[in-house]
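Down below is the structure, laid out as structure tokens.
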Amino acid sequence: MKKEHPEVSIILPCRNEELALPFCLKQIKKVIKKEKLNAEIIVSDSSADNSPKIAKKFKTILIKHDKEGYGNAYLEAFKIAKGKYIFMADCDGTYDFNEIPKFIKELKRGNDLILGNRFAGKMEKDSMPMSNRYLGNPILSGILRVFFHTKIKDSHTGMRAIKKQSLNLLNLKTIGMEFASEMIIKSIKKNLKIKEIPIDYHKRKGNSKLKPYRDAWKHIRFMLLYSPLFLFFIPGLILFFLGLISIIGLYFGSVNIFGIQLFYHPMFLSSSLIIIGYQLIIFSVFAKSYAINHLGETESKLMRKLYQIITLERVSIIGIITTIVGAVIYLIIFLKWIESGFPALNEIKNSILALTLITLGIQTIFSAFMLSILSIKEK
């Protein structure tokens, strides 16, 4: 095994895998010898058992960082990986390392990221809990497909390979299980060529470190953070139009629902829906702008046109006009109150309308300035 200029870096994240690690390393050594691979083996370790001793015995490159987290294990290993191609897999006995040549072959064909699809290969009985096999993985992969317009079927596979030059484009940061999602999402955002290939999956040796509910939430949270359309825009649009339709109906008359007559009181709720929905829509624009200008996301034609239309001056003028209209409504109510000799006035509908317009106007003015700040591109 050549260590100075290896073509392939095989990285194994390891945390208390003394039962499975010898089996995995023997298999990897055989594959390297059989296929005459110019490869290095890196064990990225945070174990409290005998895993580090086993790694040394097999003469691997051992990184003893003792940092918890799936992502941490890979981030530490990437720092020293010298290979042109990076192969990654869990060392718990679930993956067949005879698959390594297939992954490298696909990278050499021009693909940037290769993912092993466990659901397209043979899955050993009891290798994956039923909840993960039929609920967790399909749901999370389904969310990824919807959010990021991809066809990936097994987004949480632990066996994958990537070109070193492609990996350097991703600027990966997450330290936990969500690292698996981050790699795919950022690869999609960077328009990298991704391919899935079928792999077999076996029962693990030793105890699982997976915490299904906590880890699933981490994946969902990360996907939401990188998809402002679903996190902010769609919920905001729904709330805004629910509020707008209901406030118009209530302002120009009363609404009857299931025989219950509604007057002006629900307008407070309608106003809240409009304001909250509008703010969420603005947040979606903020998030998208930040991703383009500071996270390296590719700018779409829609966003380019939006920047041309939504200038600081134009949006500020709209916000000022909206605020003035709301203030004029309040002024009319105030003058009417003075003319009437300061009695109790029934101007609740107009007051709610004025409050809503002023709030939207102020939101618009300062959001325009915030968007201008976020739109400043980094060199």
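Throughout, read-outs are computed from the coordinates displayed, never taken from laboratory work. What you see is a predicted model, and the numbers here were worked out from it, not measured in a lab. Positions of Cβ are backbone-derived with ideal geometry, glycine not excepted, and every protein chain shown enters the neighbour counts.
A few notes on this one:
- Net length gained if the chain between residue 346 and residue 65 were fully extended (0.36 nm per residue, minus Cα distance): 94.2 nm
- Shape call, region 94-150: gyration tensor on alpha carbons, a/c limit 1.5: oblate
- Under 5 Å between amide hydrogens, built in the peptide plane, is the criterion, and for residue 117 it picks out 197, 199 among residues at least 5 positions away or on other chains.
- Region 310-317 - phi-based ³J(HN,Hα) in whole Hz, Karplus 6.51/-1.76/1.60, Gly and Pro as x: 8, 8, 4, 5, 4, 5, 4, 4
- Between the beta carbons of residue 33 and residue 376, assuming R0 = 41 Å, the FRET efficiency works out to 0.15 to the nearest 0.05.
- By the Cβ distance rule (another cysteine Cβ under 4.7 Å), the unpaired cysteines of the chain are 14.
- Residues in region 103-123 reached by a label modelled at residue 150 [backbone nitrogen below 13 Å; 7 Å Cα→Cβ]: 112-117
- DSSP bridge orientation in the chain - percent antiparallel, rounded to nearest 5: 35
- If you take the Cα centroid of region 192-224 and the Cα centroid of region 124-167, the two points sit 6 Å apart.
- Efficiency of FRET between residue 313 and residue 211 - r from beta-carbon atoms, R0 45 angstrom, step 0.05: 0.35
- Dipole orientation for the chain: of the candidates 350, 88, 134, 88 has the Cα lying most toward the positive pole (charges on Cβ; Lys, Arg +1; Asp, Glu -1).
- Given charges at beta-carbon only (K, R positive; D, E negative), |dipole| of the chain in Debye: 2060
- For region 64-196, the square roots of the Cα gyration tensor eigenvalues, ordered a ≥ b ≥ c, give a/c below 1.5, which places it in the rounded category.
- Fewest-first sequence of 268, 87 by Cβ atoms within 10 Å of each Cβ: 268, 87
- Helical content alone sets the calculated 222 nm signal of the chain at -17000 deg cm²/dmol, taking -39,500 (n - 2.57) per DSSP H segment of four or more residues and averaging over every residue.
- Tensor-based shape of region 228-374 (alpha-carbon gyration tensor, a/c under 1.5 rounded, otherwise prolate or oblate): oblate
- Karplus-derived HN-Hα couplings along region 231-239 (A = 6.51, B = -1.76, C = 1.60, θ = phi - 60°), whole Hz, x at Gly and Pro: 6, 10, 5, 5, x, x, 4, 4, 5
- Candidates 201, 233, 149 compared by Cα position along the dipole of the chain: farthest toward the positive end lies 201, with charges placed on Cβ.
- Extension gain (nm, one decimal) between residue 98 and residue 191, 0.36 nm per residue minus Cα-Cα: 30.6 nm
- Electrostatic dipole magnitude of region 8-225 [Cβ: Lys, Arg +1; Asp, Glu -1; Cα centre; debye, to 20]: 640
- Placing dummy labels 7 Å off each Cα toward the beta-carbon, the span from residue 325 to residue 303 is 3.0 nm.
- Whole-number Å³ per residue for the convex hull built on Cα positions in the chain: 185
- Using Cβ point charges alone (K and R +1, D and E -1), the dipole size of region 296-374 about the Cα centre works out to roughly 200 debye.
- Span from the region 305-379 Cα centroid across to the region 19-95 one, whole angstrom: 60
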